[in-house]
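*Asks:* Below: one structure in structure tokens.
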Amino acid sequence: MKFIVISGGVLSGLGKGVTSASIGLLLKSRGIKVTAMKCDMYLNIDAGTMNPIEHGEVFVTDDGVETDQDLGHYERFLGINLTKENYTTNGQIYKLVLDKERSLDYGGKCVEPYHHLPPEIIKKWYAAGEKHNADVVLVELGGTVGEYEGLLFFESIRRLKLTNPKDIILVHVGYLPAPPSIGELKSKPLQQSVGQLNSLGLMPDFIVCRSEKAVDEKRKGKIALASGLLIENIVSNPDVDSIYEVPLILEKQGLATKIIKKLKLKHSKKDLSAWIALNKSIKSAKKEVKIGIVGKYQKTGDYVLTDSYVCVVESLKHAGWKLGIKPKLIWIDSEEKDVDYSNLDGIIVPQGWGKRGVEGKINAVKFARENNIPYLGLCFGMQMAVIEFARNVLNFKNANTTEADPNTKYPVIHTMDYQKELIKNKQYGGTIRLGSWPCKIKKGTKLSNIYKKDLVNERHRHRYEFNNIYKDKFEKKGLTISGTSPDGKLVEAVEITNHRFFVGTQFHPEYISRPLTPHPIFVEFLKSTQR
């Protein structure tokens, strides 16, 4: 088994995940079996309890693990389903070691981070490859070199290089800023991050240079000299309009060929035809539609960040490229008052938690329903659609979810009994409904026309559910229950038939949309925005 470890320098948020996924795609295009894993440096057990404004979107795998958003990039680029073995955190490693200590697995030894954590980290890397029968495991380290919490992960690289020097390479991704007052890319910050790697006993095999513009030969030469690498092992990865262009940029510079040679990998003739065709579709999509995304996790101080909804954003792009459409996203803070929705071609209310911003989301649903504007509600967005319909069609005054109002007279969205006990005991982490579950589609519905099958599997991440005691009242007034669990006990999807497009799903179709296989719900949603 071979390992490609991807580290970062200078600043976080560089695009290590996209770089990792792109390298994986290039190797896979040559018939090499790959898998990818993310190592988060946090003491959290998983990403489920992290604030999306702080950490970005939580991505959920088929087997129900709440992970970093980079696993979404891996799945979208590689076209594979990942599992719990593809994600680890510092918290998981510490817990594993402490549990072993409590059960005397160390035979009474003094347990120390330096001695006992790296072996467990390395075991995790091997486990990912074994689970997916991979020839190569791409291991992305979160954060940047030099941060205290990541030191033992870098020590794990050093130890693996000592024992298996021919089976592991290190790709270091660093940033070259271009201060406007200077007018050129500056390589010194990247050089210093390589120096930090050296201080840990590590020398990168390749350096990927992230920057606004392509890195020229002069800067490559400076970096090569400072890092002790050949200039051909310094790779430029500039900003591009679409992240799906990155593999082709790396391919032009021969990165995959160099990696294959370095690791002595057996491979077949490359085939990037589907990816080349995808990029042609991306460039040819011209028709613009305005899609309002009504969320509450995108605003941070004076800035609007969209990482909290990256799967939704990418799913819209995938569907748009299939249709030759270029979605223009209008970000709407659900806490804003007097929002004008009239210029939108479609409205999406994505996932969310808590009571903050609920009324703004309900107002958005009301406008879409009353004005025949295509609407797609995802998880929380389905729940908001149910509440809006209850209030304004069923005349259930102040109907709500018990998450926002525990004392509401009309709890149209509530928790199941077993969840109430978990909440009471503050057992929040990993206790919600997670992972892939089957959904039975009602015949003759819009959802049935979209899927063209009676049973589908979709991924979930929620604690609150549709309250079945109101089911008949909703259906009599025109809100169709179009998807349920196979036993009929859980409502999975709702829709309004006499509407251009009004669909809410308790599941997250955005988790399984991929650039080469867009999710049909997003395709039909965008189709409906064409006037």
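The numbers here are math on the coordinates, done by the rules we state, and not lab data. Note that this is a predicted model, so its numbers are computed, not measured. Cβ sites come from the backbone with ideal geometry, for glycine too, and all protein chains shown count toward neighbours.
*Asks:* Taking N as the number of residues in the chain, what is its Cα Rg relative to 2.2 N^0.38 Å?
*Replies:* Compactness ratio reported: 1.02.
*Asks:* Only bridges with both residues in the range 346-479 count here: give the DSSP antiparallel percent, nearest 5. The partial results should precede the final answer.
*Replies:* Values: 11 of 16 bridges.
Looking only at bridges with both residues in the range 346-479, the antiparallel portion is about 70 percent.
*Asks:* Now for a different question. Could you check the simple spin-label distance between Arg463 and Ala178, using points 7 Å along Cα→Cβ, in nm with one decimal?
*Replies:* 4.6 nm
*Asks:* Please give the contour-minus-distance gain from Lys186 to His115: 0.36 nm per residue of separation, less the Cα-Cα distance, rounded to one decimal in nm.
*Replies:* Here the answer is 21.7 nm.
*Asks:* Obtain the nm distance between the two label points defined at Glu212 and Thr163 by a simple spin-label model: each point lies 7 Å from its Cα along the Cα-to-C-beta direction.
*Replies:* Output for this residue pair reads 4.6 nm.
*Asks:* Rg to Rh for the range 349-454: what is it, with Cα atoms only and Rh by Kirkwood?
*Replies:* Result: Rg/Rh = 1.00.
*Asks:* Treating only the Cβ atoms of Lys and Arg (+1) and Asp and Glu (-1) as charged, compute the dipole magnitude of the range 175-298 about its Cα centre; round to the nearest 20 debye.
*Replies:* 280 debye
*Asks:* Further, regarding this structure: Farthest toward the dipole's positive end in the range 2-278, which of Thr144, Pro118, Gly254, given Cβ charges of +1 (Lys, Arg) and -1 (Asp, Glu) about the Cα centre?
*Replies:* It is Gly254, whose Cα lies furthest towards the positive end.
*Asks:* Looking at the calculated P(r) for the range 2-278, what percent of the C-alpha pair distances fall above 35 Å?
*Replies:* 14 percent
*Asks:* While we're here: For Ile168, list long-range residues whose amide hydrogen, built 1.01 Å from N in the peptide plane, is under 5 Å from its own amide hydrogen.
*Replies:* Amide H neighbours of Ile168: Phe3.
*Asks:* Arrange the peptides 19-27, 279-287, 98-106, 187-195 so that the one whose residues have, on average, the most other Cβ atoms within 10 Å appears first. Display every interim value, and only then the final one.
*Replies:* Details: 19-27: 26.6, 279-287: 13.3, 98-106: 11.3, 187-195: 19.6.
Peptide ranking by packing, descending: 19-27, 187-195, 279-287, 98-106.
*Asks:* Related question: So how strong a dipole does the range 1-100 carry about its Cα centre when Lys and Arg Cβ are +1 and Asp and Glu Cβ are -1, to the nearest 20 debye?
*Replies:* 600 debye
*Asks:* Roughly speaking, what is the centre-to-centre gap between the range 83-136 and the range 161-187 when only Cα atoms are used, to the nearest Å?
*Replies:* Cα centroid to Cα centroid, the span is 28 Å.
*Asks:* With θ set to phi - 60° and the Karplus curve 6.51 cos²θ - 1.76 cosθ + 1.60, what are the ³J(HN,Hα) couplings of the range 96-106 in order, to the nearest whole Hz, using x for Gly and Pro?
*Replies:* So the Karplus estimates, Gly and Pro as x, are 4, 5, 5, 5, 5, 4, 5, 9, 6, 5, 9 Hz.
*Asks:* A further question follows. Quick one: dipole size for the range 2-278, taken about the Cα centre, charges +1 on Lys/Arg Cβ and -1 on Asp/Glu Cβ, in debye to the nearest 20. Before the final figure, lay out the partial values.
*Replies:* Details: 35 positive and 34 negative charges, 281 e Å.
Around 1340 debye, computed over the range 2-278.
*Asks:* Counting only DSSP beta bridges with both residues in the chain, what percent are antiparallel, rounded to the nearest 5?
*Replies:* Antiparallel bridges: around 35 percent, rounded to the nearest 5.
*Asks:* Here's another thing I want to ask about it. How high is the relative contact order of the range 285-528, in percent, counting Cα pairs under 8 Å that sit 6 or more residues apart?
*Replies:* Relative contact order here is 21 percent.
*Asks:* DSSP beta bridges in the range 285-528, what fraction antiparallel, as a percent rounded to 5?
*Replies:* Counting DSSP beta bridges with both partners in the range 285-528, the antiparallel share is about 55 percent.
*Asks:* Another question, then. Grab the beta carbon distance between Glu359 and Ser448, set R0 = 30 Å, and tell me the FRET efficiency rounded to 0.05.
*Replies:* Efficiency, rounded to the nearest 0.05: 0.40.
*Asks:* Using the structure shown, select from Lys166/Lys264; Lys420/Lys476; Lys252/Lys280; Lys218/Lys283 the pairs with a Cα to Cα distance greater than 19 angstrom.
*Replies:* Going by Cα-Cα distance, Lys420/Lys476; Lys218/Lys283 fall outside the 19 Å limit.
*Asks:* On to the next question. Stokes-Einstein diffusion coefficient for the range 206-311 at 4 °C in a medium of 1.567 mPa s, Rh from the Kirkwood formula over Cα pairs: what value in µm²/s?
*Replies:* Estimated diffusion coefficient is 75 µm²/s.
*Asks:* For the range 1-135, how big is the tail of P(r) above 25 Å, as a whole percent of Cα pairs?
*Replies:* Every Cα pair in the range 1-135 considered, those over 25 Å come to 30 percent.
*Asks:* Packing-wise, with mean Cβ within 10 Å as the measure, how do 351-362, 160-171 rank, highest first?
*Replies:* Details: 351-362: 19.0, 160-171: 16.2.
With the highest mean Cβ count within 10 Å placed first, the list reads 351-362, 160-171.
*Asks:* How high is the relative contact order of the range 2-278? Use alpha-carbon pairs under 8 Å, at least six apart in sequence, and give a whole percent. Working shown, then result.
*Replies:* Values: 485 pairs, mean separation 72.3, N = 277.
The value is 26 percent.
*Asks:* For the range 100-198, what is the relative contact order in percent, using Cα pairs closer than 8 Å and at least 6 residues apart in sequence?
*Replies:* 21 percent
*Asks:* Would you compute the Debye intensity of the range 248-303 from its alpha-carbon atoms alone, equal scatterers and no solvent, and pass along log10 I(q)/I(0) at q = 0.17, 0.20, 0.22, 0.24 Å⁻¹ to two decimals?
*Replies:* Cα-only, vacuum Debye calculation for the range 248-303: -0.78, -0.86, -0.94, -1.03.
*Asks:* On to the next question. Does the range 285-528 classify as rounded, prolate or oblate by the C-alpha gyration tensor (a ≥ b ≥ c root eigenvalues; a/c under 1.5 gives rounded; else a/b over b/c gives prolate, otherwise oblate)?
*Replies:* Values: a/c = 1.34, a/b = 1.21, b/c = 1.11.
The shape class here is rounded.
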